[in-house]
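Please read the structure below before turning to the comments.
The values are calculated or read from the model by the stated rules, or taken from the named source; none is laboratory data. The structure displayed is predicted, hence computed values, not measured ones. Positions of Cβ are backbone-derived with ideal geometry, glycine not excepted, and every protein chain shown enters the neighbour counts. Just so you know, the surface numbers come from the protein's heavy atoms only, side chains and all, with ligands and any DNA or RNA stripped out. Shrake-Rupley method; radii C 1.70, N 1.55, O 1.52, S 1.80 Å.
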Amino acid sequence: MAMDAWSKQLRKIYGVYTGVFALFVIALWIAEGMGLKPTYIGYAFLFGTIGVYAAIGIISRTSIVAEYYVAGRKVPAVFNGMATAADWMSAASFIGMAGALYNQGYDGLAFIMGWTGGYVLLAVLIAPYLRKFGQYTIPDFLEARYGGKFPRIVGVIAALLVSFTYLVAQITGVGIITSRFIGITFEVGVFLGLAGILVCSFLGGMRAVTWTQVAQYIILIVAYLIPVVAISYKHTGVPIPQVMYGQALQTIETKQAQLKNDEKEIEVRNIWKARADELSGKIKALPDSWAKGKQELEAKLSSLPVGSTERASVEKALKDYPKSPEEAKEKWTAAMKEAQAMSKPPRSYVQPPADTKGIVNFLALTFCLMVGTAGLPHVLMRFYTTPTVREARSSAAWALFFIFLLYFTAPAYAAFARSEVLTNLVGQAFSSLPAWAAKWAGVGLISIKDLNGDGIIQFSEIIIRPDAVVLATPEIAGLPYVVAGLIAAGGLAAALSTADGLLITISNAISHDLYYKIINPNLSPSTRVKIGKALLLVVAAIGAYVASFKLAIIVELVAWAFSLAAATFFPALVLGIWDKRMNRAGAISGMIVGLLITGYYIIGSRFYGMDWFGIKTIASGIFGLPANIIIALIVSRLTKAPSEEIQKFVDNIRYPKGAVGAGAEE
Amino acid sequence: MVTGETLKAYWSKNRLYMTVILLIWALVSYGASLIAGYLNSFVVFGFPFGYYMAAQGSLVVFVLLNLIYSVKMNEIDKKYGLQEEE
């Protein structure tokens with residue numbers, strides 16, 4: 001029972017680690033009480049945690065192929081569960097999720113269900129069988145199951161497409177977190193984050209990534225739970241937010257109902273309405289309206305004396321003015337949509353969409369997110385690292401449990417924040433903003449403007465950006481600054497752990513799937529690991545370079561990644577395991593049709609106003625996925641059944657015991 | 001030696017578990033979402049029940065489903081003599 005001793009040792013190590021981390025936080029808390037400046041607390045958290053990850057990375061260095069690609073296949077279920085959870089939960093889950101729920105109410109729950117429910121599909125349909133197959137990557141599986149290089153190449157292309165956009169989003173997240181908390185520029189933050197990512201993966205590949213991810217999970221979940229437990233205690237006297245936020249929901253519903261017919265609220269909504277109409281007029285009159293607006297600003301600028309404050313504000317307006325009519329269209333449309341949304345009375349926070357279109361989109365999005373989750377290569381890869389099929393199954397259950405702890409809590413964050421805004425912000429005088437609102441309004445995460453000039457805050461005058469909810473909660477709950485630092489460390493852990501998983505997936509797709517398996521199969525094991533490491537550097541650098549442009553499209557690309565993964569990988573994997581008759585022609589034509597239809601609808605609906613059954617861009621996979629499955633089934637039935645050898649292969653991965661070749665280590 | 005018959009029986013058992021689990025999975029997520037408006041007329045511990053299902057209830061069921069599947073599969077691994085050697 002060597003495994004038991006190993007598990008025990010790991011439990012001891014991470015137990016001590018958690019204890020030391022708690023002492024570290026308490027020490028900083030005491031130091032804060034004695035007057036340590038917040039900036040230094042920020043430094044301590046960022047450099048302290050990155051230092052720990054680096055240490056784990058160095059201890060886990062390796063040049064053995066099986067260690068580098070699959071952590072030696074000896075990650076016990078619980079730990080693989082934690083690593084998978086950290087791998088999965090990104091900066092967006094950690095910081096943005098609660099805010100999205102705050103703004104969207106019931107609609108936002110599609111993400112909560114989608115990003116957890118996918119793990120049921122993964123655990124039941126895919127994970128145990130991938131472990132039995134026991135190679136290194138998802139394209140490995142596609143080639144072994146369907147034969148020939150072509151399935152592998154399609155797999156590599158889809159993996160790169162999906163993982164790279166996701167990686168750029170994570171590096172952007174690291175840049176934002178570091179720059180916000182220790183006051184460096186975004187570019188330096190990106191560079192710092194890059195170093196943080198590489199120390200976790202460069203020397204030890206999957207092995208180092210796995211053990212840092214476990215450490216990162218512990219930090220991120222502690223950081224996520226503390227503020228919301230505190231706020232639950234403050235509001236309700238019971239420190240279990242997940243049970244207690246029902247009261248907050250009722251407060252929200254009562255207050256919002258009162259605001260519906262409030263005269264001052266209606267006044268502000270009408271101002272938004274007028275603004276939306278004005279913008280819509282300007283958008284229709286493009287490009288003339290763009291040129292006219294620019295001329296007006298320039299004329300105003302030349303009429304003002306140099307050095308006046310008014311001149312400075314016009315200069316700034318001119319600097320922020322859209323550079324081209326195209327940019328104007330993009331910006332003004334976004335502003336118009338916001339104004340339109342604000343001009344409506346707040347929708348019930350707990351009721352599902354009232355119209356059929358809303359419900360259909362809600363269900364379609366949930367479905368795409370679930371299936372996409374079960375098809376993301378960087379998550380699937382983690383299930384190669386467990387010692388046995390049994391451990392793979394139980395690790396899928398653990399992973400879902402660890403992920404559940406965060407997603408189960410996110411709605412509580414959102415509800416407490418919204419109830420706080422409705423009770424302690426709305427109706428206050430502008431001159432007496434609560435400290436937390438003033439602070440986050442200062443950096444633009446909350447926008448509060450006295451639109452109707454009555455000196456009192458109306459609900460329709462408050463715009464909360466998604467990131468503000470988690471970031472402001474420590475202050476709402478009256479916690480010391482050290483908790484804000486903890487949140488930063490948690491957000492950083494979430495971003496770094498996901499970035500690492502993606503980085504290693506991309507580098508493996510190129511070094512293992514493309515170079516070793518297709519171009520040069522005669523590489524020695526040590527050269528393969530060296531090439532993998534070199535690629536980590538290159539891919540990370542390219543990722544950081546793309547992230548430094550801060551493209552607005554990145555967020556959307558990430559959402560599309562789910563649809564693409566759902567429409568390509570998922571059917572090929574599931575049918576490969578569950579349908580013995582599935583063959584090469586079927587799988588390939590399915591994947592290609594899935595990719596094309598999804599890509600066509602993504603581009604068509606996002607840029608050319610295409611509309612099939614009212615489905616939004618973000619749920620594009622709802623067409624590609626069934627198309628993939630139907631085409632795959634039809635084509636496979638019209639063509640020859642897979643060879644005896646392949647059928648044996650399918651049998652082999654279906655049953656935990658018994659070997660027909662696959663699974664042999666090098 | 002494991003026979004073809006045993007393998008067939010094992011797989012059809014697995015398929016049964018898979019079907020039941022995915023059925024429950026679909027009911028608590030899609031099913032409950034479809035009638036969320038109606039479920040909201042019940043209030044449990046201060047939570048409108050429709051909201052609760054999408055925010056928490058379905059998640060709890062997902063976790064339990066994975067746990068049950070893992071336990072059940074270990075059971076049939078043993079029963080059909082297919083468990084792995086350590």
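For the protein assembly as shown, the residue among A:I464, A:Y217, A:Y146 whose Cα projects farthest onto the positive side of the dipole built from Cβ charges is A:Y146. The relative contact order of chain A comes to 29 percent, based on Cα pairs under 8 Å that sit 6 or more residues apart. Loop-resident chymotrypsin sites (Phe, Trp or Tyr not before Pro) (DSSP state other than H, G, I, E or B) in segment B:10-86 with no more than 13 further Cβ atoms inside 10 Å of their Cβ: B:F42, B:F45. Solvent-accessible surface, computed for protein heavy atoms with a probe of 1.4 Å, shrinks by 40 Å² or more for the following residues of segment B:51-67 when the other protein chains are added to the isolated chain: B:Y51, B:A54, B:A55, B:Q56, B:L59, B:F62, B:V63, B:N66. Annotation: A:V222 carries an accessible surface of approximately 50 Å², with a 1.4 Å probe and no ligand, DNA or RNA atoms counted. Charge dipole (Cα centre; +1 on Lys/Arg Cβ, -1 on Asp/Glu Cβ; no other charges) of the protein assembly as shown amounts to roughly 1280 debye.
Tell me, what is the FRET efficiency for A:Y321 and A:T185 to the nearest 0.05, using R0 = 35 angstrom and their Cβ-Cβ distance as r?
Values: r = 23 Å, r/R0 = 0.67.
Plugging the Cβ-Cβ distance into 1/(1 + (r/R0)^6) gives 0.90.
Sorting the segments A:245-252, A:177-184 by their mean number of nearby beta carbons within 10 angstrom, highest to lowest, gives A:245-252, A:177-184.
Counted by Cβ distance under 12 Å from A:V635, the other residues give a net charge of +4, where Lys and Arg count +1 and Asp and Glu count -1. Between the listed residues B:T3, B:L59, A:I487, the Cα displaced farthest toward the positive end of the dipole of the protein assembly as shown, a dipole computed from Cβ unit charges relative to the Cα centre, is found at B:T3.
Mean residue ellipticity at 222 nm from the helices of chain A, using -39,500 (n - 2.57) per DSSP H segment of n ≥ 4 over the full residue count, to the nearest 500 deg cm²/dmol?
That calculation yields -24000 deg cm²/dmol at 222 nm.
Computed from backbone phi with θ = phi - 60° and the Karplus coefficients 6.51, -1.76 and 1.60, the 3J(HN,Hα) list for segment A:181-194 is 8, 10, x, 9, 6, 4, 5, 5, x, 4, 5, 4, x, 4 Hz; x is used for glycine and proline.
Just how much of A:E263 is accessible, in Å², when a 1.4 Å probe is used and the result is rounded to the nearest 10? Solvent-accessible area, nearest 10 Å²: 150 Å². Here the accessible area is traced with a 1.4 Å probe on the protein chains. For the protein assembly as shown, carbon and sulfur cover 66 percent of it. The mean accessible area for residues of segment A:563-630, using a 1.4 Å probe and ignoring ligands and nucleic acids, is 37 Å² per residue. Taking the Cα centre of segment A:1-116 as reference, the dipole from Cβ charges on Lys and Arg (+1) and Asp and Glu (-1) amounts to some 400 debye. Listed values for segment A:64-80 are Karplus-derived 3J(HN,Hα) couplings in whole Hz (6.51 cos²θ - 1.76 cosθ + 1.60, θ = phi - 60°), namely 8, 4, 5, 6, 5, 8, 9, 6, x, 6, 9, 8, x, 3, 4, 6, 5, and x replaces Gly and Pro.
Across all Cα atoms of the protein assembly as shown, the radius of gyration (one decimal) and Dmax (whole number) stand at 26.7, 95 Å. Suppose we compare each residue of segment A:327-358 in its chain alone and in the full protein complex with a 1.4 Å probe; which ones drop by at least 10 Å² of accessible area? When all protein chains are present, A:Y349, A:V350, A:Q351, A:P352 each give up 10 Å² or more of accessible surface.
Buried between B and A is an accessible area of approximately 4400 Å², summed over both sides with a 1.4 Å probe. For A:I456, the residues whose amide H sits under 5 Å from its own are A:F430, ignoring neighbours fewer than 5 places away on the same chain, with H placed 1.01 Å from N. Amide H contacts for A:S60 (H built 1.01 Å from N in the peptide plane; partners 5 or more residues away or on another chain; cut-off under 5 Å): none found.
Which whole-number percent gives the relative contact order of chain B, counting Cα pairs below 8 Å spaced six or more residues apart?
Computed value for chain B: 32 percent relative contact order.
The residue among A:G108, A:T366, A:A276 whose Cα reaches farthest toward the positive pole of the charge dipole of chain A, with charges on the beta-carbon of Lys, Arg, Asp and Glu, is A:T366. The residues of chain B present an accessible area of 51 Å² per residue when probed at 1.4 Å with all protein chains retained. What pairs in A:K74/A:K132; A:K149/A:K657; A:K294/A:K550; A:K300/A:K323; A:K37/A:K234; A:K323/A:K344 have C-alpha atoms more than 23 Å from each other? Where the Cα-Cα span goes over 23 Å, the pairs concerned are A:K149/A:K657; A:K294/A:K550; A:K37/A:K234; A:K323/A:K344. Across segment A:497-504, computed HN-Hα scalar couplings (Karplus, 6.51 cos²θ - 1.76 cosθ + 1.60, θ = phi - 60°) run 5, 5, 4, 5, x, 5, 4, 6 Hz from first to last residue, x flagging Gly and Pro.
Magnitude of the charge dipole for chain B, about its Cα centre and with charges confined to Cβ atoms of Lys, Arg (+1) and Asp, Glu (-1), is about 300 debye.
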